[in-house]
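Presented below is the structure to which this report refers.
We did not get these values from a lab; they are worked out from the coordinates using the rules stated. As the structure is a prediction and not an experimental result, all values here were calculated from the model. Methodologically, a virtual Cβ is constructed for each residue, glycine included, from the backbone with ideal geometry; neighbour enumeration extends over all protein chains shown.
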Amino acid sequence: MNAARKTVRAYVELARLSNIPTCFSNVLVGGAIGGLTDWSQWRMVLSVTLAIGLMYIAGMALNDALDHAIDRKQRPNRPIPSGRISVRGAYTFAGICVAIAIALLASLGMAALLLGSVLAITIILYDWLHKNFQPAALLMGCCRGLVYIIAAFAIAGPIDWTTAIALAGALTVYISIVTFIAQTEVDATSTRRNGLALVLPLVLVLPAVLVRPETWSWAIIAAFPTLTWLILAARLALSRPPNTKNAILTWLAGICLIDAFFLTLLDQPVLALGALGCFVLTAIGHRYILGT
């Protein structure tokens, strides 16, 4: 029994499962873009959430499998360098997760299947390139932006492309910058990128300009905790010495707050509360399972 628990724990760490609620909040925004209004559509929302969650898990497993030699020096406690999971086991796990995710998306239509395939390819390219090609951070950003588009197409409602591009573009920029900063997470002497933390709150500006809700009160209410959280993360990144790891964890949990803000721009305050719940789950989860 203890051996089984240790194995499960190792795969939970490999998958960075504490970040999964951010996938759900992303899907909520994508669903809202695609016209999520009917409770009968929730089967599709749950299917997309499971598929995106499995894609995320596969990406994390593949990342660790490809980086296992580097992690032996920089992160020896990770599941692979510590010997709890083999490299082959991680590759197999990633492959199974991708296969199930693609099958789920295929059941939601050709558009979801094609976009899901693009997402899978983008994840693989990022994991393959990111250690030696710094601009690969943009690929990670595109992965998150694609989630909005995939969820919107899966719901198959009328899509306002100005809204879709504004929100997906903002999330892509946010994740790209966070990923770019995270590339120097283990190097305490390399902190020049941390100044980009000051740019991150600006990702809320363009969507607020282009996506104008019928009622601004909910958006204003949601903007306050979101900006506060991003400022907290910036203070961590810019402190002396910089606390980059905790800043990254703060930014990761902040994805859900950004999603909540976007949902208020889409006049979906109830769904925004769901994204807020995802934020709480992510923040709590980081206490037990590191998200980076």
In terms of Cα to Cα distance under 16 Å, which aspartates and glutamates are near enough to residue 131, apart from those fewer than 8 places away along the same chain?
64, 67, 71, 185, 187
Just how far, in whole angstrom, is the stretch 235-265 from the stretch 42-61 if you go by their alpha carbon centroids?
22
MRE, 222 nm, helices only [DSSP H, n ≥ 4, -39500 (n - 2.57), over the chain, to nearest 500]:
-24000 deg cm²/dmol
How far apart, in nanometres, would the label points at residue 74 and residue 267 be if each is projected 7 angstrom from Cα along the Cα-to-Cβ direction?
4.6
Counting only Cβ distances under 4.7 Å between cysteines, those in the chain with no partner are 23, 97, 142, 143
Mind computing the radius of gyration and Dmax over the alpha-carbon atoms of the stretch 9-285? Å is fine for both.
18.1, 55
Dipole in debye (nearest 20) - the chain, about Cα centre, beta carbon charges: Lys, Arg +1; Asp, Glu -1:
1120
Inter-label distance for residue 209 and residue 238, nm, one decimal - labels placed 7 Å from Cα along Cα-to-Cβ
2.2
Footprinting proxy, 288, 148, 56, 11: sorted fewest to most Cβ within 10 Å, the residues are 288, 11, 56, 148
Over all viewing directions the Cα convex hull of the stretch 137-233 casts an average projected area in nm² of 7.2
Going by how many other beta carbons lie within 10 Å of each one, how would you line up 251, 128, 161, fewest first?
161, 128, 251
Exposure proxy check on 133, 262, 153: fewest-to-most Cβ neighbours within 10 Å is 133, 153, 262
